[in-house]
Number of protein chains: 2
Amino acid sequence: MSNTQGYAPLDSETLPSRLVSLPVVTEQLGEDIRTWQVREVGDGNLNLVFIVQSGTASIVVKQALPYVRLVGDSWPLPLSRSFYEYHALSRQAVRAPGAVPGILHFDEEQALIVMEYLSPHHILRHSLQQGLIHETLGETLGQFCADTLFKGSDYAMDAATRKHDVGLFSGNTALCDITESLVFTDPFFDAPMNRHTSPQLDSVVADIRADVGLKLAAQRMKLAFCSQAETLLHGDLHTGSVMVYEADAKVIDPEFALYGPMGFDIGMLIANFIMAWCAQPAYATESDDRLAYSEWIQTVIEDIWRHFTRQFTHLWQTQRTGILFPSTLFEDQGHAAALDTALRDELHRIWTDSLGFCGCEIIRRTLGLAHIAEYDDIENPDKRAECEAAGLQIARRLLVDRERIGSTTEVFNLMQRTAAEVET
Amino acid sequence: MSNTQGYAPLDSETLPSRLVSLPVVTEQLGEDIRTWQVREVGDGNLNLVFIVQSGTASIVVKQALPYVRLVGDSWPLPLSRSFYEYHALSRQAVRAPGAVPGILHFDEEQALIVMEYLSPHHILRHSLQQGLIHETLGETLGQFCADTLFKGSDYAMDAATRKHDVGLFSGNTALCDITESLVFTDPFFDAPMNRHTSPQLDSVVADIRADVGLKLAAQRMKLAFCSQAETLLHGDLHTGSVMVYEADAKVIDPEFALYGPMGFDIGMLIANFIMAWCAQPAYATESDDRLAYSEWIQTVIEDIWRHFTRQFTHLWQTQRTGILFPSTLFEDQGHAAALDTALRDELHRIWTDSLGFCGCEIIRRTLGLAHIAEYDDIENPDKRAECEAAGLQIARRLLVDRERIGSTTEVFNLMQRTAAEVET
């Protein structure tokens, strides 16, 4: 994909002179680069991210590095991830209008995307630490999932176009490999890059690694991740991939995009809200016990699933233009009612898968390489371990019992019951 | 894929002068093209097939036409199918040595494959009409399925290599489209190209098209076909894609190759044996009631599944070198026994899927565009309809009850019971 011959990473000094030749950039910032202010703000694990401001406007410049930023050049990672991010963003922009930042420019050789600066947005994860409520967040995220998942599948797309896209995204192997290893395998044995709150969680970790039923369940989810090429996924839809301001929310960073199972993005998203919920007791102060905020987090989870199913149902009924369950076989034959059964079964299948992926995500964010700020920022290790242990216990049940947990209410019951058990 | 600029279909006259420049051909046939005898023998639905003989040797030349041969140039079909056939054949030759004809040459521009002439082999379907027994047939076919399906999956392959292959074969859209339409959709409504034995089967056909549970089941199998990119499939593994001579059997014609669900090839294969079994009463003579032959067909079905599971198990235990159920998580942790559960569940999942695909294949070969010689050659339409009706009834149960039918014995019971009911 990417030709690395002419590639050179940007820095704050070189960025203006290198981008001033792009009309799409100077239209925003003006041509006088002396007025441009450049800040490197990348706090993710992989890339360079610059905010460039002039008197007139601001833009974001995201550039891939040929290695994992978090680890350094000992862990090479292809620049082509920028190509996949660009193609995923383009498709998401069409399928879920307004849900992702606008793209101004893509340079494949430089692995560089110039995009809309979202202001005064911040990463959703920070809100979850600070106890900030965002109205309609669950609705926005649930609809985003329904729009992108439905419209990237054989329910909606022309079959040949979809297969072409499957081919296109099949090249994103290096980032799939990260997910395959870090989410589904490494946390379940003593892999070198793992870390966990020790010694507090040592016995829980030993339990998890001895739980063969759990390991089998995780591998079944991995099989689904690797082989169920149902739709174009974001691939890394956690609460660090969502920018928020008040009631606005935008989804960013789809460089892990792949064709995969419908339930993956939703499961990962819900997992991150469950972990944020588990972390809340550690953020309680005398003036705010965080109980109301914990309830709001539950509401978000409920809204994600409710609005996902509502929008998926709407699209199923109005935009089912793909090759699956075609109207020639159902509506045209007076058999429209049968489609309700098909839709219900399909939503149930997505739900079940999403619980499995949810469990894997919680476990890997607690025992694997990449953790979450909500846990990491709890300074008292005993308190942190208590929050993490609750999350792990919930995750185990979600993963192993995914076929038997039928609703968000049952998930909430599990969460409440587990939190109470861990506290005592 | 194929550049059609320089493409020109061969005929018996032009073939020698066009192929004499290929050393790999003249090594076999010699350089004196006056000694070459060319016969066009393509009896399939899509391509030109030539047998070229000289005093010293024989070869087969298969060339794609830019349309469906069975229908004519009103149904265009890309020459690139030859490219996919070549790549599928190459992989099958490595994964199941000796199970496919040897490739001597591939010319992408001419959509042409020169390959080993199998002699004195004939198409398996003819044996099933003539009542010829082939020792070890089920073993060969079951092993072929296990070898190709396991070794093309994430159980065995390097993950990046497999994803590259998923990308490669994702271009075979036109041939997938044929399967998607002709197998999973057209037979279930009054599609223009359908045909069936009429009026004898009219009421059965009406029943099938009114059976919403059956249609939903067929669409679920279509969803699996389109999205479960588990392994490289042959994609058209019926008894017309197998050449036999005595105890030798070779699999040919993988131009429908795609990444799809493990159960597809096995299901299609078993379907064709079940139909051959259903047709046997019509081939009975005074000297041969075909009962022994019917039993042999059952034995083949049993052997296919038995040897598939045996070889799949062997490969699982000895060549599980892919990213799924890795030894780091199981054998290395003293949890090898858990893998028996995983294997059993996986074989059950493949079995269930294969019954669903089996049902679809029987229905489409009886009510769709492409039928089978075993049925078509039954001249008495009442007798033919009786055989076909039995097959259809078996197919409906396999498709709808696929989760509840646990063994080949149960399949045979269903076959016997259904045949007895249809006769009375």
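Counting only Cβ charges, +1 for Lys and Arg and -1 for Asp and Glu, the dipole size of chain B around its Cα centre is about 760 debye. As a calculated quantity, the FRET efficiency between A:Thr318 and B:Ser90 at R0 = 35 Å, using C-beta atoms, amounts to about 0.20. Peptide B:221-227 is shielded by partner chain Cβ atoms: per residue, an average of 6 of them sit within 10 Å of its Cβ.
Shown for A:Pro120: label points 7 Å from Cα along the beta-carbon vector, and their distances to the equivalent points in the other copies, 9.1 nm in ascending order.
If a spin label sat at a point 7 angstrom from the Cα of A:Ile133 along the line to its beta carbon, the backbone N atoms of the stretch A:263-291 nearer than 12 Å would be those of A:291.
Estimated from the Cβ-Cβ distance and a Förster radius of 22 angstrom, the FRET efficiency linking B:Ser327 and A:Ala206 is about 0.65. In whole percents, the pair-distance distribution calculated for the stretch A:13-108 from its alpha-carbon pairs, binned every 5 Å from zero, is 2, 12, 20, 20, 21, 16, 8, 2, 0.
Between A:His122 and A:Val71, the FRET efficiency from the beta-carbon distance, with R0 = 22 Å, is close to 0.30. If you take every residue apart from A:Ile362 with its C-beta less than 11 Å away from the C-beta of A:Ile362, what net charge results, scoring Lys and Arg +1 and Asp and Glu -1? Counting the neighbours of A:Ile362, the net charge comes to +2. Highest GNM mean-square fluctuation among A:Glu388, A:Glu331, A:Glu180, for chain A modelled with Cα contacts below 10 Å: A:Glu331. Net length available on complete extension from A:Val20 to A:Asp289 is 91.8 nm, with 0.36 nm assigned per residue and the Cα-Cα distance removed.
Between A:Ile51 and B:Asp158, the simple label model (points 7 Å from Cα in the Cβ direction) yields a spacing of 4.3 nm.
Put a dot 7 Å past the Cα of B:Asp401, heading toward its Cβ, do the same for B:Glu379, and the two dots end up 3.7 nm apart.
Counting from the shortest, the label point at B:Arg195, 7 Å from Cα toward Cβ, is 7.1 nm from the same position in each remaining copy. Between A:Thr341, A:Thr173, A:Thr239, the GNM of chain A built on Cα springs shorter than 10 angstrom shows A:Thr341 fluctuating the most.
Remark: relative contact order (the stretch A:15-116) = 21 percent; criterion is Cα-Cα distance under 8 angstrom and separation of 6 or more residues. The ratio of the alpha-carbon radius of gyration of chain B to the globular-protein estimate 2.2 N^0.38 Å is 0.99.
Highest GNM mean-square fluctuation among A:Gly356, A:Gly30, A:Gly334, for chain A modelled with Cα contacts below 10 Å: A:Gly334. Taking only the alpha carbons of the protein assembly as shown, we obtain Rg and Dmax values of 29.5, 101 Å in that order.
No value in this document is a laboratory result; all are computed from the given coordinates. Since the structure is predicted, the reported quantities are computational estimates derived from the model, not experimental observations. Cβ coordinates were reconstructed from backbone atoms using ideal geometry, including for glycine residues, and neighbour counts include every protein chain displayed.
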